[in-house]
Amino acid sequence: MPQRKSATRPEASKISWKERFGSLQYIPRFFSKIRDVSPRLFYANLFARIVNSATPVLLLWVGKLILDEVVLQIDAADKDFTRLWGLVAVELGLAVLSDLISRVINLTDTLIGDLYSNRSSVEIINKTAEIELSQLEDTDFYDKLERARRQTVGRVSLMSGIMAQFQDSITVISLITALVVFEPWLIALLILAVIPAFLNEIKFSQKSYSLARGWTAERRELDDLRYVGASDVTAKEVKLFGLTGYIADRFKKLSDEYYKVTRKLAIRKNLWGGVFNVLGVLSYYGAFVLIIIRVVAGVLTVGDLTFLSGSFNRLRNQLQAIFFRFSQITESSLYLKDYFDFLDLETISGDSKSVIPVPEDIRDGLEFVDVWFKYPGQQDYVLKGVNFKVPAGKKLAFVGENGAGKTTLIKLALRFYEPAKGVILLDGKDIREFGKQEYQNLFGVIFQDFVKYNFSAGENIAVGNIKNVNNQTKISEAAAQSLADEVIATLPRKYDQKLGRRFTNGLDLSGGQWQKIALARAYMKDAKIAILDEPTSALDARAEYEAFQRFIGLTDGKTAIIISHRFSTVRLANTIVVLKDGKVLEKGSHETLMENNGLYAELFSLQAVGYH
């Protein structure tokens, strides 16, 4: 669970005006992506908005004509309502048309929004897959990922906002034209009514984004606390250790702290917003009084009164909506910047300029030569001058106390990280000379912290070689090899049974059952090199021994690397490498290491005593 950074207060994060308006440069790219989702829906939405932008002015103008006609007929000796009813019919038609077009706009907004939300989520998933493990484990990167992921829905509302801005702009131009023709001095009052409120909105939306950006890590911690405090995965320990109060207090403390800064901002924003809104209302009624005076003086008709007052009020509301929406757009475009910054994030490529093909058959093996490594941001080396070789077709096991560097060696062998110094060779070639994806395809790996997917039992096995997800024969064979078939035989829907408790009708498995499912993944892939990083720790000693005996037999003639704390399993390997403090302390067969009477012999004897 990440800890609060106390050196810099989150609320101190500031976004400059230049950065704010500079983020608008991403809008064209954003709209290009929206259009590509569905050009037909995009242009239908655009056309509907253009048509609907004219209806407010037309409705006001027809309303003026109706009122003038009513006044005319009141004073007329020979009354003729033909024109009046025609105008009423026109207004009715415009009202119906406006409603229908608005529904088309809402429908296309929803459809395009859903399509783009889905596509942008896929983009984030695919981009995350390109990111190196060293970047994924970096907290700053995770903040970027969190901001990009959180704005999926926000980008949909941004799309609707920009389209509405385009529509309202056409309406505003029409209304301004009408005011200029009749009473141009009303524009001055309009500016007084709108501009101050707009500047206020810009100011506070900027502060809102700065606050949200500065508190990204803290909001992630709040999400984590929600999960830990209310999850079937954590429920046993939370209840057993009585953690509910601690987690709730920690959540309350952090959420209250966040609430205080957001409350302060919300109060200031609404107070100033109220002040400027009163100014806008006074401006409107000032204009209304002036229009009435002009009507009484005979300069304007009663119809003109309704048209001008309606136009002024509509224009004021439209301009406020445009300015406020512009403020929201600039704020959302800052989040859009986060999204595109994430998509444009440069991935760390370990491939050399001249990539050589991976060997068809491994003849020599995998070798670590004077390998040093420390994790990014850390001062101490985890590995210090490590040297060993995994001969082709042989089994090698790592032994060592926790923190000795065993799993780190696996990460380096898989090219999740690159050595700080030294080199790793495959058949005498630096592994950095191979294409990374092609090189990693040589391996079949099961980690200790393997993922328990909320998929069907068959899919959980097939993830070891997802290309064969529909190959039931291969899935069944892999299950039989790992003894997972015995687990699946007990499930109501067999291979189609949904695993995990997250979804309806899902069934959870015991730790040992899950590990048999995970082991089946290793058999799904006909890998050149198999790696087992303590994947059987939940099995009892006998079951683990039998599982590894089976593994040794099934991978006969193949290269394999094994990490296990049980020496009954380790002794099955051809070579055992003993690690301590990031260095190779001993290496050799079980018999050789027992004769050396070193750390391996000591650890083996200690474990053997535990079984007496």
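The values are calculated or read from the model by the stated rules, or taken from the named source; none is laboratory data. Keep in mind that this is a model prediction, so the values were computed, not measured. So basically every Cβ, Gly included, is an ideal-geometry build from the backbone, and we count neighbours across all protein chains shown.
When ASP380, ASP364 are checked against the criterion of being at pLDDT below 85 and acidic (Asp, Glu), a single residue qualifies: ASP380.
One line per residue, one yes/no per condition, for (1) in contact (Cβ under 8 Å) with a residue 40 or more places away in the chain; (2) under 24 Å from MET524 (Cβ atoms); (3) crowded, with 17+ Cβ neighbours inside 10 Å:
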| position | (1), (2), (3) |
| --- | --- |
| LEU366 | yes, yes, yes |
| TYR381 | yes, no, yes |
| ALA397 | yes, yes, yes |
| ALA404 | yes, no, yes |
| LYS429 | yes, no, no |
| ASN441 | yes, yes, no |
| PHE450 | yes, yes, yes |
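A search for C-beta distances below 6 Å between a residue of region 166-187 that is modelled with pLDDT of 80 or more and any residue that is polar (S, T, N, Q), counting only pairs 6+ apart in sequence or on different chains, returns GLN167/SER53; ASP168/GLN318; ILE170/SER53; THR171/SER53; THR171/GLN318; VAL172/GLN318. Restricting PHE47, PHE81, PHE31, PHE42 to residues that are at pLDDT below 80 and either more than 49 Å from the chain's Cα centre (by Cα) or within 30 Å of THR330 (Cα to Cα) (or both) narrows the list to PHE81.
Regarding TYR453, is this residue outside any helix (DSSP H, G or I) and touching a helix residue (DSSP H, G or I) at 6+ places or on another chain (Cβ under 7 Å)? Criteria met by TYR453. Could you list all residues from region 40-54 that are surrounded by fewer than 15 Cβ atoms within 10 Å (Cβ to Cβ) and polar (S, T, N, Q)? Answer for region 40-54, where residues must be surrounded by fewer than 15 Cβ atoms within 10 Å (Cβ to Cβ) and polar (S, T, N, Q): there is none.
When LYS353, LYS389 are screened for being modelled with pLDDT of 85 or more and surrounded by fewer than 19 Cβ atoms within 10 Å (Cβ to Cβ), only LYS389 passes.
Looking at GLY422, GLY444, which one is at positive phi, assigned by TED's automatic domain parsing to the domain that holds GLY582 and assigned to a strand (DSSP E or B)? If you could, list the steps in order and put the result at the bottom.
On the way: GLY444 fails: at positive phi.
Step by step, each of GLY422, GLY444 is checked, and only GLY422 is at positive phi, assigned by TED's automatic domain parsing to the domain that holds GLY582 and assigned to a strand (DSSP E or B).
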